[in-house]
1. How many residues does the stretch 71-104 hold that are open to solvent by less than 60 Å² (accessible area, probe 1.4 Å), of a type in the set (S, T, N, Q) and closer than 25 Å to residue 182 by Cβ?
2. Does the stretch 1-48 hold any residues that are open to solvent by less than 40 Å² (accessible area, probe 1.4 Å), modelled with pLDDT under 75 and either within 24 Å of residue 124 (Cα to Cα) or basic (Lys, Arg) (or both), and which are they?
3. What residue, among those in the stretch 124-164 that are hydroxyl-bearing (Ser, Thr, Tyr) and buried (at least 23 other Cβ atoms within 10 Å of the Cβ), is nearest to residue 100 (Cα to Cα)?
4. So is residue 350 touching a Lys or Arg at 6+ places or on another chain (Cβ under 9 Å), modelled with pLDDT of 90 or more, more than 21 Å from residue 239 (Cα to Cα) and not aromatic (Phe, Trp, Tyr) or not?
5. Spot the failing condition for residue 107; the list is (1) in a helix (DSSP H, G or I); (2) open to solvent by 40 Å² or more (accessible area, probe 1.4 Å); (3) at pLDDT below 95; (4) not β-branched (Val, Ile, Thr), and only one is missed.
6. Considering the stretch 195-209 alone, what residues qualify as being part of a loop (DSSP other than H, G, I, E, B) and modelled with pLDDT under 65?
7. Any idea which of 303, 276 is touching a residue at least 12 places away in the same chain (Cβ under 8 Å), buried (at least 24 other Cβ atoms within 10 Å of the Cβ) and either in contact with a Ser or Thr (Cβ under 7 Å, 6 or more places away or on another chain) or in a helix (DSSP H, G or I) (or both)?
8. Among 111, 115, which is free of Cβ contacts under 8 Å to residues at least 40 places away in the same chain and in contact with a Ser or Thr (Cβ under 7 Å, 6 or more places away or on another chain)?
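The values are calculated or read from the model by the stated rules, or taken from the named source; none is laboratory data. None of these values were measured; they are calculated from a predicted model. Glycine also receives a Cβ, built like all others from the backbone with ideal geometry; neighbour counts cover every protein chain displayed. For accessibility, only protein heavy atoms count, side chains too; no ligands or nucleic acids. Shrake-Rupley method; radii C 1.70, N 1.55, O 1.52, S 1.80 Å.
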Amino acid sequence: MQMRENNAQPSATQSKRFLCLYALAVAGGAVAYIPFLTILLPAHVSEFAGSAALNVLAIIAFAGAIAASIANVGFGWISDITRSRRPWIAAGLILSSSILPAMQFTGSASMLIAMIVCWQLCLNMMLAPLTAWAGDCVPDCQKGMLGGLLALAPALGALSGTLVTAGGYTIGAAQLTIVAALVVLMVSPVLIFGKPVIIPHLMQQDRTKDHNAEESYLGKYAAPRMWLARLLVQIAEAALFAFLLLWFRSIDPRIGENDVANIFTAALGIAVLVALLAGRWSDRADRPILPLVLCSAIAAIGLYIMSVAPGLAGAIFGYVTFGLASSVFLALHSSQTLRVLPRPRTRGRGLGFFNLTNTVPSLIMPWLTLALVPAYGFDALFLLLAGLTAIACLLLVTMPGKPS
């Protein structure tokens, strides 16, 4: 778990240098999948599947989510057992970045699905231990700052989508190679130069006292509430993640891949600043849950606006509102989750199960979308998602607050 990789003296806080390199690496993980799954893959599927693109994308999302779920829990657990994160991160980086450019050679649904499954297995070999590494190195007093920095991940992922679609082309060797190269450039620095300060209490094998202290003000069922709230928000994220391009085109067929990438980037770029400010405030005020409550409420409002938007301008406003709030929510939630999973011996496995909130929605949403959209349109889908996100807000707002 990296506690033997650095001889630095123990400190109460982690170095900002490591936090920045770590955030860059997490952003590299986002670059690995955001432009591909949101822009390049749907465009490629539309080329060879035509009117069946929605069905093919649903099957791909389902198969990929199963592979990602198994791999994330498995490799997180393996990194716990081997007590080392770096080798697994490096191996996953090399393998996933090698597979991605080969996607250009797929010309059928079955071949593409097989490639996606292999790629998801290798990608999560990198992502699972990378996520757990933060729990090994970052104390509670810096988790808000960490959450703010993690907002860079989806923003840079969206920006990479803008870059690779700027020429107006769809999937091809150049775009996929650029994406793979960016991932290597962003993840490698923390593996080579990242030397985290050792913070002994984060690696104690028995943190029962600390865990009970957290439960005393977050509530006995903090972990299940956090898990379910994230799941509900991620269900909405998964729907837009897979079908955002198709939804915008249903409103205005003239909208292109680069237009959607620009909208995506704008929302997530603003989210970085908001998340940094909210994360720093939550550290200073020791109020880790309040920003999550506010963001989930705003996300529900954004989804409602999307459901009633009369045209493209209203649709973009609603999506930007949702995208901004949900991105801040997910970034801060990722760091605050480490509060309720404090045991280093099983940290990777525990975060793997929390990662199911990222992958399980992809198992649910394709079929829910296919059931609702053809019969009732995207409006009905967004109303349902707004309700689920509002429930997430209620789960968090009813959690006990820290006494003054």
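1. Of the residues in that region, 4 qualify.
2. Scanning the stretch 1-48 gives 1, 2.
3. Filtering the stretch 124-164 down to residues hydroxyl-bearing (Ser, Thr, Tyr) leaves 131, 160, 162.
Filter once more, keeping what is buried (at least 23 other Cβ atoms within 10 Å of the Cβ): 131, 160.
Working: 131: 21, 160: 15 Å.
Within the stretch 124-164, the match that is nearest to residue 100 (Cα to Cα) is 160.
4. Numbers: touching a Lys or Arg at 6+ places or on another chain (Cβ under 9 Å): yes; modelled with pLDDT of 90 or more: no; more than 21 Å from residue 239 (Cα to Cα): yes; not aromatic (Phe, Trp, Tyr): yes.
Taking the combined requirement at face value, the residue does not satisfy it.
5. (1)
6. Just the residues of the stretch 195-209 that are part of a loop (DSSP other than H, G, I, E, B), to begin with: 195-199, 204-207.
Listed by number, the residues that qualify are 205, 206, 207.
7. Values: 276 fails: buried (at least 24 other Cβ atoms within 10 Å of the Cβ).
That would be 303, the only listed residue that is touching a residue at least 12 places away in the same chain (Cβ under 8 Å), buried (at least 24 other Cβ atoms within 10 Å of the Cβ) and either in contact with a Ser or Thr (Cβ under 7 Å, 6 or more places away or on another chain) or in a helix (DSSP H, G or I) (or both).
8. Every option except 115 fails the conditions.
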